[in-house]
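Engineer: Structure in structure tokens, see below.
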Amino acid sequence: MKVSIITAVYNSEKTIDVCMDSVLNQTYPNIEYIIVDGGSNSETLSKLNAAAEKYPNIKLSSEPDKGIYDALNKGIVKATGEIVGFVHSDDFLADATVITSIVEAFKSQEVDGVYGDLHYVALENTDKIIRNWISKPFRHKLLKDGWMPAHPTLYVKKSLYEKYGMFDLNFKIAADYDFILRIFKQSNLNFFYLPKTIVKMRVGGASNKSLKNIIQKSKEDYRAIKANQTGNWLTILLKNVSKIKQFKS
């Protein structure tokens, strides 16, 4: 099975090397690495171009976009793998066997998607875990309880994007949550929880970097819930409360 991994980049010269290395050093041999740059500065672009020249499995494009979800959609269109996943430019795969484990789960479980656990780590000291997002096996009732898998850990068949659509650009922060609800509510699809840390994410993402963004995220989450008929305001409350126990004391 070919796996297409997509990284959206914009001026990430401080973190892009670690991100790319985590993908390029995977033990799984059949990876197509799609890097979608939004028109970065020369320092970031020089690193991307150097990697693309060295590794033939990298597909690099650089042009202005309408934000991260637009960039990810461009990557999905370019993807030729059966399985599609994302590694954001500030993040990195937890170890070299992650993709091997994910593909083994797809094969052994015969599912449409696989997801796992995620570590939020300190910006500089990535060995320091700030928040430990441990997921669980999926049941449809969980959606109304505000549950979702950590999106950076979610790998799905490309056919799901072709059938159910890509990221809705009307969402600025919550397009990933909208997509998750869209596919996880489908009774004909099966998803498998892999109890393994898939991604390490540096703290400071767009959805929680300010009070304004947190409020916008909650409004967009509610809009996604209503559009997908998977809950109400209580769902939003439960979704936010569930994050508290993930923080390390």
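Engineer: Of Thr97, Thr44, which has the most accessible area and how do the rest follow, probe 1.4 Å?
Structural biologist: Listed by decreasing accessible area, they come as Thr97, Thr44.
Engineer: Could you name the lysines in cross-link range of Lys59, using Cα to Cα under 22 Å and dropping any fewer than eight places away on the same chain?
Structural biologist: Lys2, Lys14, Lys47, Lys74, Lys78, Lys157, Lys158
Engineer: Starting from 0.36 nm per residue, how many nanometres of slack lie between Ala96 and Val203 once their C-alpha separation is accounted for?
Structural biologist: 36.3 nm
Engineer: Could you tell me what percent of the DSSP beta bridges with both partners in the chain are antiparallel, to the nearest 5?
Structural biologist: 35
Engineer: Please work out the Cα center distance from segment 113-134 to segment 179-204, rounded to the nearest Å.
Structural biologist: Centre-to-centre distance over Cα atoms comes out at 15 Å.
Engineer: May I pose another question? Can you find, among Asn11, Val23, Ser40, the residue farthest towards the positive end of the dipole of segment 1-93? Put +1 on the C-beta of Lys and Arg, -1 on that of Asp and Glu.
Structural biologist: The residue sitting farthest along the positive end of the dipole is Val23.
Engineer: Then there's this: Find how many whole Å separate the alpha carbon centroid of segment 18-79 from the alpha carbon centroid of segment 146-171.
Structural biologist: Between the Cα centre of segment 146-171 and that of segment 18-79, the gap is 19 Å.
Engineer: So, one more: What does the highest-first list of 226-236, 145-155 look like by mean Cβ count within 10 Å?
Structural biologist: The packing order, highest mean first, is 145-155, 226-236.
Engineer: For a quick check of understanding: with a 1.4 angstrom probe and all protein chains in place, what accessible area in square angstrom does Lys107 have, to the nearest ten?
Structural biologist: 120
Engineer: OK, next. If the elastic network links every pair of Cα atoms under 10 Å, which of Gln26, Gln186, Gln216 fluctuates the most in the Gaussian network model of the chain?
Structural biologist: Gln186
Engineer: A further question on this structure: Any idea how far apart Asp127 and Glu53 come out in nm if each label point goes 7 Å out from Cα toward Cβ?
Structural biologist: My value for the distance between the label points is 3.4 nm.
The values are calculated or read from the model by the stated rules, or taken from the named source; none is laboratory data. These figures come from a predicted structure and were not determined experimentally. Cβ atoms come from the backbone with ideal geometry, glycine included; neighbour counts cover every protein chain shown. Only protein heavy atoms, including side chains, enter the accessible area calculation; ligands, DNA and RNA are left aside. Shrake-Rupley method; radii C 1.70, N 1.55, O 1.52, S 1.80 Å.
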